[in-house]
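Visitor: Just passing along the structure, written as structure tokens.
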Amino acid sequence: MNSGGVLGVAVLGSVFNNVHRTEIGKATRDLPGDAADGVRDSFAGALHVAEELGGRSSAALADAAGDAFGSGMNAALLIGVAVVFVGGGVAVALLPPQSQELSDEHATRETQ
């Protein structure tokens, strides 16, 4: 059970990171190496670099960082929702149907 949670966090984290880095990479083309690395490393790093830049480029970088974070989160959440629905569908398909006789017997016992 715990390994499923760990695997889920790893997969969703990888999806988030891949989408985030791809999106934020577009905004780091004109930045020097150290600043670009700070932007790619984290959302907080991107906001810190944007604050240091100042001016229009600061607002554009902060917006790009927010958009990249949102895109990464959306992708990870969509994958997570898809896995939940597929897992639920598989569970419903593979579980044996409950016998009506057993359901009636159980309901009779509870009312007595």
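Please treat every number below as a calculation from the coordinates, not as lab data. Note that the structure is predicted; figures quoted are calculated from it, not measured. A quick note on method: Cβ atoms are made from the backbone with ideal geometry, for glycine too, and the neighbour counts reach across all protein chains shown.
Visitor: Stretch VAL9-LEU53 to full length: gain in nm at 0.36 nm per residue minus the Cα-Cα span?
Guide: Value of the extension gain: 12.4 nm.
Visitor: A further question on this structure: Within region 40-75, what residues put their amide N at less than 13 Å from the label point 7 Å along the Cα-to-Cβ vector of ASP34?
Guide: Hits in region 40-75 for ASP34 at 13 Å: 49.
Visitor: Taking the simple approach of a point 7 Å from Cα along Cα-to-Cβ for both LEU94 and ASN2, what is their distance in nm?
Guide: Calculated label separation equals 2.3 nm.
Visitor: Taking K and R as +1 and D and E as -1, what net charge do the other residues with C-beta under 13 Å from the C-beta of GLY70 add up to?
Guide: So the surrounding residues net to -3.
Visitor: Related question: At 24 Å minimum axial length over the Cα atoms and a Kyte-Doolittle cut of -1.0, report the qualifying DSSP H helices in the chain, or say none.
Guide: 2-25, 55-94
Visitor: Could you order the peptides 25-32, 66-73 from most to least packed, using the average number of other C-beta atoms within 10 Å per residue?
Guide: 66-73, 25-32
Visitor: Continuing with this model, one more query. Measure out, as a whole number of angstrom, how far apart the alpha-carbon centroids of region 72-92 and region 24-62 sit.
Guide: 32 Å
Visitor: Report the calculated FRET efficiency for VAL86 and ASN17 (r = Cβ-Cβ distance, R0 = 22 Å), to the nearest 0.05.
Guide: That gives a FRET efficiency of 0.45.
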